[in-house]
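Since the structure comes first, as structure tokens, the remarks are kept for the end.
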């Protein structure tokens, strides 16, 4: 099993990139699954970020991935995201790889974001520090218009 999680402030391209990566894996015949960010579902359903519920749903994603060692699981979030939004602190130890997205792109007023650009800046700075201290983290910058040239599976 490989569990790959994204890390980044709102509007960094996490969902787009992870969905594209899942597509490329599937086109290569790799058994993989995309697990969407529970926070978006919770906020859309409840109207607010219930961090305990979000963390529980993220843990269910991790448990589901561990139950299927023959697949790669990609998520546009991770259980560690909760610490940046006032929830319990969780690490990235269950993830084989964390991909940190450090570039934010502008989003329209109807994007469903609940953070101001200023709040997002603070979150982004905290995430950058967290990413620098993770041994299983890679940083992705300036994704706009980029396509992966080569995927290497190990």
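A few remarks follow.
- Scanning segment 43-52 for residues that are crowded, with 16+ Cβ neighbours inside 10 Å and out of contact with any helix residue (DSSP H, G or I) (no Cβ under 7 Å at 6 or more places or on another chain) yields a single hit, 43.
For (1) surrounded by 14 or more Cβ atoms within 10 Å (Cβ to Cβ); (2) under 19 Å from residue 103 (Cα atoms); (3) modelled with pLDDT under 90, each residue gets a yes or a no:
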{"residue": "5", "(1), (2), (3)": "yes, yes, no"}
{"residue": "12", "(1), (2), (3)": "yes, yes, yes"}
{"residue": "20", "(1), (2), (3)": "yes, yes, no"}
{"residue": "25", "(1), (2), (3)": "yes, no, no"}
{"residue": "30", "(1), (2), (3)": "yes, no, no"}
{"residue": "35", "(1), (2), (3)": "yes, no, no"}
{"residue": "38", "(1), (2), (3)": "yes, no, yes"}
{"residue": "41", "(1), (2), (3)": "no, no, yes"}
{"residue": "54", "(1), (2), (3)": "yes, no, yes"}
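- Residue selected from segment 89-104 under the condition assigned to a loop (DSSP other than H, G, I, E, B) and at pLDDT 80 or above, by the criterion nearest to residue 125 (Cα to Cα): 102
- Residue match in segment 115-129 (condition: under 17 Å from residue 4 (Cα atoms) and either outside any helix (DSSP H, G or I) or modelled with pLDDT of 75 or more (or both)): yes
The values are calculated or read from the model by the stated rules, or taken from the named source; none is laboratory data. No experiment lies behind these values; they were computed from the predicted model shown. Cβ atoms come from the backbone with ideal geometry, glycine included; neighbour counts cover every protein chain shown.
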